[in-house]
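Below is one structure; the comments refer to it alone.
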Amino acid sequence: MPSDAPAPARPGAARATSTGWGRLLIAVYAVFAVAATGRSSIQLATQADEAPFPYALSALAAVLYLVATWALASDRPGHRRVAWAAVTVEAAGVVVVGTLSLVDEALFPDDTVWSAFGAGYAFFPALLPVAGIAWLLATRPRG
Amino acid sequence: MVTWIQVANSVVGLLLAAAAGVYVARDRLTDRVLLAIAGLLTVGLVAQLVTSFVLVLTEDNDANPVTFLAYLVGCVAAMPVAAWWARGEPSRAGTAVWIVVGLVLPFLLLRASQVWDAGAL
């Protein structure tokens with residue numbers, strides 16, 4: 001029976017974030033990267049004046065998803081730090097924007113990916129950074 | 001958007017997800033059967049894209065053609081990427097990538113059909 005994850009090359013070494021179940025996490029991140037990029041480019045290209053604040057946030061979310069996907073999928077040492085930065089800002093973003101979108105509806109004439117904590121996307125936007133942080137912790141270098 | 005092709009693609013997508021779920025439970029890697037289902041789905045998605053492109057050219061519809069076709073191009077393009085990503089991991093976690101693909105595609109097709117129907121004159 002093949003094991004779910006290869007053992008680290010040496011004890012204490014970090015496990016590559018793109019192996020094992022990270023594969024699945026990155027696949028979901030990639031879906032959101034493409035979806036958020038598509039959504040925000042069309043919004044900004046066709047109706048940027050209507051709701052500049054939500055659309056700018058959608059663009060920020062798109063960039064974060066792209067960076068997180070790329071950094072998690074790459075096994076270079078420095079990319080772990082980039083992935084940490086992306087998922088942490090993403091976690092803060094979904095909490096702050098999710099709260100703001102419920103408290104001050106006037107700020108949000110149109111929805112963002114993070115509105116109401118990602119309710120429009122089955123709350124995946126709220127779950128993803130949690131899963132990302134958990135995965136970065138699980139694969140971190142030990143010792 | 002041709003509804004029967006959309007329904008057929010969604011069904012094959014769910015079938016792919018279900019089959020991959022069984023594979024993951026049994027700790028199996030992507031094999032020719034899974035790839036055959038994915039290949040069938042790819043053919044269906046290409047058919048969806050081509051017929052939709054013809055609709056954009058021939059029908060009066062207010063839907064933004066770029067938005068509408070982007071969904072369908074994205075669906076087609078996702079298939080080879082998914083195959084590469086799934087087969088790059090030598091454990092059942094790689095097989096699980098097909099579950100994501102099979103579950104997400106029906107939603108994307110639904111969104112595309114909503115975009116198209118909203119523009120119907």
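The values are calculated or read from the model by the stated rules, or taken from the named source; none is laboratory data. If you're wondering where the values come from, they're calculated on a predicted model, not measured in any experiment. Note: ideal-geometry Cβ built from the backbone for every residue, glycine included; neighbour counts use all protein chains shown. Side chains are part of the model used for accessible areas, which takes the heavy atoms of the whole protein and leaves out ligands, DNA and RNA. Shrake-Rupley method; radii C 1.70, N 1.55, O 1.52, S 1.80 Å.
Structure data summary
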{"quantity": "Selection from the stretch B:52-73 of residues that are part of a loop (DSSP other than H, G, I, E, B) and away from chain A (no Cβ under 11 Å)", "calculated": "B:Glu59, B:Asp60, B:Asp62, B:Ala63"}
{"quantity": "Filter result for B:Ala63 (modelled with pLDDT under 95 and either crowded, with 17+ Cβ neighbours inside 10 Å or within 17 Å of A:Ala30 (Cα to Cα) (or both))", "calculated": "yes"}
{"quantity": "Checking A:Leu102 against (1) within 30 Å of A:Ala14 (Cα to Cα); (2) without any contact (Cβ under 8 Å) to a residue 24 or more places away in the chain, the condition it does not meet", "calculated": "(1)"}
{"quantity": "Criterion: over 30 Å from B:Asn61 (Cα atoms) and either out of contact with any helix residue (DSSP H, G or I) (no Cβ under 7 Å at 6 or more places or on another chain) or in contact (Cβ under 8 Å) with a residue 40 or more places away in the chain (or both) - qualifying residue of B:Gly119, B:Gly94, B:Gly102, B:Gly88", "calculated": "B:Gly94"}
{"quantity": "Of all residues making up the stretch B:74-96, the number that are within 9 Å of chain A (Cβ to nearest Cβ), in contact with a Gly (Cβ under 9 Å, 6 or more places away or on another chain) and among the aliphatic types (A, V, I, L, M)", "calculated": "3"}
{"quantity": "In the stretch B:1-20, residue farthest from B:Ala112 (Cα to Cα) [restricted to those that are open to solvent by 30 Å² or more (accessible area, probe 1.4 Å) and in contact (Cβ under 8 Å) with a residue 12 or more places away in the chain]", "calculated": "B:Ala18"}
{"quantity": "Helices (runs of 4 or more DSSP H) wholly inside the stretch A:14-124 containing at least 2 residues that are more than 14 Å from every other protein chain (Cβ to nearest Cβ) and polar (S, T, N, Q)", "calculated": "A:77-103"}
{"quantity": "Where A:Leu44 falls short, out of the listed (1) touching a Phe, Trp or Tyr at 6+ places or on another chain (Cβ under 6 Å); (2) open to solvent by less than 30 Å² (accessible area, probe 1.4 Å); (3) not β-branched (Val, Ile, Thr)", "calculated": "(2)"}
